[in-house]
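No value in this document is a laboratory result; all are computed from the given coordinates. The model shown is predicted, which means the values in this text are computed figures rather than measured ones. Virtual Cβ from ideal backbone geometry, glycine too; neighbours counted across all protein chains shown.
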Amino acid sequence: MFIASQAGENNTLLAQLSETEITTMRGAIEVCDARHGISGWALDLSDLRRVHVIQLLVDDTVLASCKTHITRDDIMEIMPDEAPAGFRFPAAAMETLRRLAAMFGEARITLRVEGTGYILPHGDLPVVLGRLFPAAPEPRTAEPADLRARLQEEHDQAQLLAREFAYVSPDCLPGLIEVASVDTGGYVWVAGWMQRQAPVHGPAVLVDHQRNLAAGYAFAQYERTDVDAAACGFIGTLHVNWKPKRLSDPVLYLGEDAHSEIATLSPLRVITWREFVEFFEIKKDECHSGDAAGLEQLMKRRDNWAVNAGGDPEASYAALDMVLTLPGFGCLVSGWAISLLRPIDGFMLRLGTTVLHCDRDTLFFKPRPDVASLLPGCENLLARAGFTGVFRGPVTFDDLETPTLKLCFADGSSSNHAVDVKALRQLGRAVPLEAALELYPALTSEAFFPDFAAGVRTEIRRAVGSCRAHTVQAAPRLVVMTAPDQRSEMFLLFEELIHHAGKFGDNFGFAIIAGTGPSRSNAVELFANLQARTQMPCSLFFVDDPDYAFHVLPDVLRAVGARAFVFVGPGVFLADAGWQAVQSHFAEPAAHPRFFAVVDPTAADQDGIATAACFAWTTIGFAAWVGTAPDHIGAFSDEAPLPRDLGQDSVYPRAAWFSRLPSVTPLVAAINQQAKSS
Amino acid sequence: MDYAADPFPAGAPDGPIAVVCHAHPSVSKGGAEIAAYTLYEGLNKLGYEALFIASVPESDRAKLALGSARERAVFFDPISYDHFYHLSTPAPLRDLRAIIAAERPAFVNFHHFMNFGIGAIRAIASDPNLTAVVTLHEFLAICHHHGQMITRPAKLLCDRSSPSACGTCFPEQTRQQFALRKNLFMDAFGSVAGFVSPSRFLAKRFTDWGLQDEAIAVIENGLAHPAVRTPPRPRHDNTPWIFGFFGQINPFKGVDTLLRAVEMIGRSKSLSRRIQIRIHGNFVGQGEAFTTRFKTMVDDYDCLSYAGPYDNASVGRLMSECDYVLMPSTWWENSPVVIQEAYAAGRPVICTGIGGMAEKIKDGVSGLHFRVGDIADLVHVLDKAAHPAMLAELTAGIPAVTDAEDMARAYLAAFSRFRAARAQPAPEVIGLPVEDDDYNSAKPQARLEA
């Protein structure tokens, strides 16, 4: 009795009934090769509905089994009431055979119906392991590169195909791309259904809105009960210069003759990479054709950041406790990582679209007994489970999403671990700079400190931004005062301004730089009163942090059109001598800065210190200098960063008072000192 | 001070006299506003054109009752006032300026800088067309702790301010801020022609602080309506001696001291039969623990009673129902009106022997002193006072009280002296070398002292 099967692969056999045995079992091995796996059919004539378990034996050792769960149209035409008689061993079984072939090349493969003793006939199919896998087994670690290289090669082959492509009617019903995704390395991944006999890899042409695009593809096939018998499900990747969108309507033409066609579900369902990986995890063991293992390895490659996509998630654990980010520099990171099976070779961190590498020279380790409950009995691993390191890279403050830590293993593989976004802290914004000292107590002595310091200065300068003008009135000679955030101090400032305003003649103006803190409304009201009480041009500007009024001084001077100015920074009030000195400065502005020495009013016997918190200059002189000057951070405790001329008229003694003594932390002082010395 | 002499030897003032106060007595009953209003009434009685200008919170508009056509109110928002430097937002000064521009007073007597702000005094006092005088009612310019010169949080008596000492009491402020605060006050007071203090004690504190001694006149606060002096209460052998406390029931006024004294008295049957402490006043801003303890003790001790709140009109009668008036304050006090009221009623005063109290009440003459916080000494003094001979001796030593007209005469004399003595301020010289100290020395009252 012959049961015809559809034409297709050369290895498909016509089933034959054995006439040598008295048995009601019937079946055959139809496909047996490294690429397409092992498949066939089996049924019991006395119980057509019975589902059988087919065992795969190598020299009498059962290595795998599967059930007869595939509907066969050809058999159903004859026996419509039967249960599915087809079977297909999953790709994992082929993987097992491949590994054994290297050691047991002469071993024979047999398929047996469990519980019956019935051996399925194999016809001419190679059933000796060495013949099934004639080439030497490929090293596992080389697989990702091989598949990528193959995809690249097939993509290159497709270039000519795409140029010369002309549509022809397909030989058979087309398939359908149902979902698509893009991984972080740029590969397009697709899944859907296709004609079973279509090639599972090779060159292809993707036609999208009359554009012909060269592609290389690699698919793995699995069974689907919702498509006809000539079709099956597929999942795989395309190496193509194209990105799927919801309204994409591509058609994929497979193979060197571009005859096999796969259309696209409309609208196309574009899913996240994580969702696609989860889908693949479900389907990979069902794949019977194609290179599922190679696809899996491609997913695990190091430029793939899908969490749990690489490595065995049960064998490695990691979490980050603190990620101190500094835009332009990178991150200072502390956490813990344990890998049961593979030594950890390094770390990478992805924040948003930025990938950071851990600087090995900054890595140090410490015990983490607190994670012992995860891995009892692994004291050696726990002894160095905690790590701290600097991850360098161009982090930006607005691209910190989906943080992911990658453990890089010595064998080239990696595993990805989601990082709790709550571990992220932006230095200087969310936490003070001194938080960095918790991770690196000797921060100022570390080799990366100059870059860190530069990053801090740049970031603070960026964070300060520019000021926002509330009221602007032109004044060629300008006294710029910084309104303190503290309410009492603000009242005092405006009281002093009103009191002294009457001493000034024409062409003098005041500019107030106030903060956007709780006292903002006081600033607006008191400024209005200042305008009403004086005849002088008055301007008001707002900045987020008035401690950095110095940084926005160029913007203020430009807006007001000042040619000479006196700047009074936060926490400083002009004394009577200072108000007189203002007059002196404007009478004859100097080409160099003049300092208004600021005194601690509780220490009567001091002349005060020359500090950039209170100085006078011409706008041109200041503008020429500020463009090249390093950014200073924190309070001004000395004249830095301004250039100091020790000429006779460069310091007005006891000209101003501190309402609070300037203080800088040692770290800030070191950052500023580093700027001076660089 | 010879109150009978012509207060203005040179003739009547060339304009009204504006009495400016931080509150109106119809809204609040503090000593400063009562004294200020008494002065205003005294000036009116003497026939001088006077003006009473008070700042009133917007929320108290409904309470305000102006007593005459020459009273003005400047409304303000208490939220818009800085209580450290004592500076206000523009509105109160703007309105005050408007009134002064309209009325053109010859003298402006500030009875406080609160609510208008010290900047208002500096601005008004700089007007060359008027003479500004400031009456000091407590130490607020010196001490940020409610102007009482009591340390915080220990509530110990403080003798002298300094930036470091004040910074210790208020660690939330810097020492430098206290120095700037003093400088601001000194600069504002430098524009003022003179000062009035109701007590020598307070005047001395301000001269120690930096004001010139000759710029301060000591003038007692008068009573607007002095009570009729009554003879001592009739007594029998077993009539208990009644010691009356009058005032706000708060720890600064020493009520806690009295309660502890009551506990000690209660342990002695003989004392508790002879001595009765009667408390008059209201609980303002007191915690629940204090109030509960007070009420419990009133219930538990026969020698303690609570007579409830009182108003100024009945204080004379209430005091006449006592043998002595108690003033156990734990802070310096300046010139408490209670002392004048007690004298007016003919009652000697037993007080803590410190500050303005000790000045106004002569120990063994018009009253008795006890050591501050010393309960045993207080009880001993009460025991000593509870004898007819002592009462008679002390009653005989009670001085005459000042009334509103006496007060006004004294003020007018001071105004006249201050105006005559006021040196014109040196004109602002532009372009002086900054090393020249002559500029700073031209205004000695405004020199910053550490």
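Quote the relative contact order of chain A in percent (integer), defining contacts as alpha-carbon pairs under 8 Å separated by 6+ residues.
8 percent
Do you know the relative contact order of chain B, to the nearest whole percent, from alpha carbon pairs under 8 angstrom that are 6+ apart?
Relative CO of chain B lands at 17 percent.
So which trypsin sites (Lys or Arg not before Pro) in the range A:35-94 pass both tests, a DSSP loop state and at most 14 other Cβ atoms within 10 Å of the Cβ?
Those that pass, being in a loop and sparsely packed, are A:Arg35, A:Arg49, A:Arg50.
Rounded to the nearest 20 debye, what is the charge dipole size of chain B about its Cα centre when +1 sits on each Lys and Arg Cβ and -1 on each Asp and Glu Cβ?
880 debye
Which of B:Lys63/B:Lys295; A:Lys503/B:Lys182; B:Lys204/B:Lys253 have a Cα-Cα distance over 25 Å?
B:Lys63/B:Lys295
What's the percent breakdown of Cα-Cα distances in chain A across 20 Å bins, shortest bin first?
For chain A, the binned pair fractions read 15, 31, 24, 17, 10, 3, 0 percent.
Put a dot 7 Å past each Cα toward the Cβ at A:Thr458 and A:Glu446; how far apart are the dots in nm?
Placing both labels 7 Å beyond Cα along the Cβ direction yields 1.7 nm.
Which residues make up the longest stretch of chain B that has no trypsin sites (Lys or Arg not before Pro) in a DSSP loop with at most 10 other Cβ atoms within 10 Å?
No qualifying site falls inside B:268-450, the longest such stretch.
Nearest 0.05, what FRET efficiency do A:Ser663 and A:Gln152 give at R0 = 56 Å with Cβ-Cβ as r?
The computed FRET efficiency comes out at 0.40.
How much length is gained if the chain between A:Gln606 and A:Thr71 is pulled fully straight, taking 0.36 nm per residue apart and subtracting their Cα-Cα distance, in nm to one decimal?
Gain on stretching A:Gln606 to A:Thr71: 182.7 nm.
Using only C-alpha positions, report the orientation-averaged shadow area of the convex hull of the range B:241-396, nm², one decimal.
8.1 nm²
Return the distance in nm (one decimal) between the two label points of a simple spin-label model at A:Met79 and A:Arg384, each offset 7 Å from Cα along Cα→Cβ.
Taking the two extended label points, one gets 6.3 nm.
Normalised by the number of residues in the range B:173-300, what is the relative contact order in percent for Cα pairs under 8 Å and 6+ residues apart?
About 20 percent, as a whole number.
Kirkwood hydrodynamic radius of chain B from all distinct Cα pairs, in Å?
23.3 Å
Given charges of +1 on the Cβ of Lys and Arg and -1 on the Cβ of Asp and Glu, with all other atoms neutral, how large is the dipole of the protein assembly as shown about its Cα centre, in debye to the nearest 20?
Value, rounded to 20: 3960 debye.
I want to verify a result. In a Gaussian network model of chain B, Cα cutoff 10 Å, which of these has the top mean-square fluctuation: B:Ala54, B:Ala106, B:Ala32?
Among B:Ala54, B:Ala106, B:Ala32, the largest GNM mean-square fluctuation belongs to B:Ala106.
Give me the distance in nm between label points sitting 7 Å out from Cα along the Cα-to-Cβ direction at B:Ala396 and B:Asp14, one decimal.
Taking the two extended label points, one gets 5.4 nm.
Using r as the Cβ-Cβ distance of A:Ala528 and B:Asn129, and R0 as 25 Å, what FRET efficiency do you calculate, to the nearest 0.05?
Here the calculated transfer efficiency is 0.35.
Mean-square fluctuation check for chain B, GNM, Cα pairs under 10 Å: which of B:Leu156, B:Leu318, B:Leu412 is largest?
So, out of B:Leu156, B:Leu318, B:Leu412, the one fluctuating most is B:Leu156.
Taking every DSSP beta bridge with both residues inside the protein assembly as shown, roughly what % is antiparallel (nearest 5)?
In the protein assembly as shown, DSSP labels about 60 percent of beta bridges as antiparallel.
Please name whichever of B:Ala289, B:Asn312, B:Tyr301 sits farthest to the positive end of the charge dipole of the range B:241-396, dipole taken about the Cα centre and charges placed at Cβ: Lys and Arg +1, Asp and Glu -1.
Of the options given, the answer is B:Tyr301.
Pick from B:Thr174, B:Thr296, B:Thr230: which residue has the top mean-square fluctuation in a GNM of chain B where Cα pairs under 10 Å get a spring?
Sorting by GNM fluctuation, first place goes to B:Thr296.
Calculate the length of the line joining the C-alpha centroid of the range A:409-444 to that of the range B:285-305, in whole Å.
60 Å
With each run of n ≥ 4 DSSP H residues scored as -39500 (n - 2.57), what mean residue ellipticity at 222 nm is computed for chain A after dividing by its residue count and rounding to the nearest 500 deg cm²/dmol?
-7000 deg cm²/dmol
Are there any GluC sites (Glu not before Pro) in the range B:10-72 that are in a DSSP loop and have at most 16 other Cβ atoms within 10 Å? List them by number.
For GluC sites (Glu not before Pro) across the range B:10-72 that sit outside H, G, I, E and B with at most 16 neighbouring Cβ atoms in 10 Å, the list reads B:Glu49.
Extension gain B:Arg235-B:Arg417, at 0.36 nm per residue separation less the Cα-Cα distance, in nm?
60.6 nm
Once Rh for the range B:73-132 is found with the Kirkwood sum over Cα pairs, what is the Stokes-Einstein diffusion coefficient at 37 °C and 0.692 mPa s, in µm²/s?
Taking Rh from Cα pairs, D becomes 280 µm²/s.
Considering amide H positions built from the backbone, and no H for Pro or chain starts, which residues 5 or more places from B:Phe76, or on another chain, come under 5 Å of its amide H?
Residues meeting the criterion, in which the H sits 1.01 Å from N, are B:Val56, B:Glu58.
Whole Å is fine, so just give me how far the alpha carbon centre of the range B:336-370 lies from that of the range A:539-598.
A separation of 57 Å, based on Cα centres.
Could you give the length gained on full extension between A:Glu114 and A:Asp321, defined as 0.36 nm per residue of separation minus the Cα-Cα distance, in nm?
69.2 nm
Within the range A:47-77, what residues put their amide N at less than 12 Å from the label point 7 Å along the Cα-to-Cβ vector of A:Phe104?
Hits in the range A:47-77 for A:Phe104 at 12 Å: A:56-64.
If R0 is 41 Å, what FRET efficiency do you get for A:Ala263 and A:Asp411 from their C-beta distance, rounded to 0.05?
The value I calculate is 0.50.
In whole Å, what is the distance between the alpha-carbon centres of the range A:187-222 and the range B:79-116?
86 Å
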